[in-house]
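Here the structure comes first, spelled out in structure tokens, and everything after it is commentary.
All of the numbers you see were taken from the coordinates with simple rules; none came from a lab. Fair warning: this is a prediction, and the values are worked out from it, not measured in the lab. For neighbour counting, all protein chains shown are included, and Cβ atoms are generated from backbone atoms with ideal geometry for every residue, glycine included.
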Amino acid sequence: MTNLAQRVAAFAEEVQQTLEGVLPGDFHISSIQAKDAQRYILRVGDASAPHRARIPLLIDGEPLADLSITEHLSLDRTGTHLKTVKSDLRVFSRLERTPLLRLEYQFDMRSAPIAHWQVHAERGAFSHLLTRANHYRSMNARNPNALSSLHLPVGGERFRPCIEDVLQFLVADCGVDSKPGWRGVVERGRVAWRRRQLASSVRDAPTDAAHVLRDLGWTVNEPSHKPVENRGPLTTW
């Protein structure tokens, strides 16, 4: 098994344990190697199944909604650390096919914020604003007054929400069924996620990280080959 395959398998198990610790029901997280062989795709259901499965969201034991999760994983620019290159989390009502919410991320997105929420709901005042704006600026000719066409930015590559944030939203705000101790599972997963993102941010801006550590009293020696700052995550919308 390659280094990438091992890291993906470990991450898939981590996601599986988090979901099992929060949501009741029977589901399985699997990974499959993409055709380009440089990345793996993590998703709900059997990797060999032709159709993607979803995680049932229960309210008082009744399945009323579903959660779909897809993650495209590769190694970062150094070939050392696991990197999410694309992710898609969607919440569906069982009453219709259109998702209620979508949390999407794609590291090389050009036409929208690389991490964003899309909300499939409408409000008259917002639709009026969008219709007037598109009349003058032609921002979105296909759906000029649809709130679901907006991409709400959520912190870019490093500071975007994690799966644990979505799970807590579903339990705490939407009222879906959960398992005893779910909050502790969510918090442990969130800590692990934010520590990984913090480490990535340090690698993006090592000079700034060194300044902060020195201000805290640490001794930090500059390496002989100063690492190059990775400005992409710092500037991308």
**Item:** Charge dipole magnitude, Cβ of K and R +1, D and E -1 - the chain, Cα centre, debye nearest 20
**Value:** 700 debye
**Fill in**
Per the rule of 0.36 nm per residue minus the C-alpha distance, extending Thr78 to Val212 adds in nm 45.9 nm
**Request:** Would you work out which of Pro227, Thr70, Val85 lies farthest towards the positive end of the dipole of the chain, given +1 charges on the beta-carbon of Lys and Arg and -1 on that of Asp and Glu, about the Cα centre?
**Result:** Pro227
**Request:** With no solvent and one equal point scatterer per Cα, compute the Debye intensity ratio I(q)/I(0) for the chain at 0.11, 0.17 Å⁻¹ and report its log10, rounded to two decimals.
**Result:** -0.69, -1.35
**Prompt:** Using a Gaussian network model of the chain with C-alpha springs under 10 Å, which one of Glu104, Glu20, Glu122 is most mobile by mean-square fluctuation?
**Reply:** Glu122
**Request:** Check the straight Cα-Cα distances from Lys86 and name the lysines below 27 Å, setting aside those fewer than 8 residues away within the same chain.
**Result:** Lys35
**Ala9-Arg231 pseudo-label distance in nm [points 7 Å out on the Cα-to-Cβ vector]** = 4.1 nm
**Item:** Which of Lys179, Lys226, Lys83 has the fewest Cβ neighbours within 10 Å, and the rest in rising order
**Value:** Lys226, Lys179, Lys83
**Cβ-defined net charge surrounding Ser30, 10 Å radius [Lys, Arg +1; Asp, Glu -1]** = 0
**Cut-off 20 Å, label 7 Å out along Cα→Cβ of Ser93, residues of segment 174-209 by amide N** = 174-177
**Complete:** Listed with the fewest Cβ neighbours within 10 Å leading, Ser224, Ser30 appear as Ser224, Ser30
**Asked** Once the piece of chain linking Glu187 and Val202 is laid out straight, how much longer is it, given 0.36 nm per residue of separation minus the C-alpha distance between them?
**Response** 3.2 nm
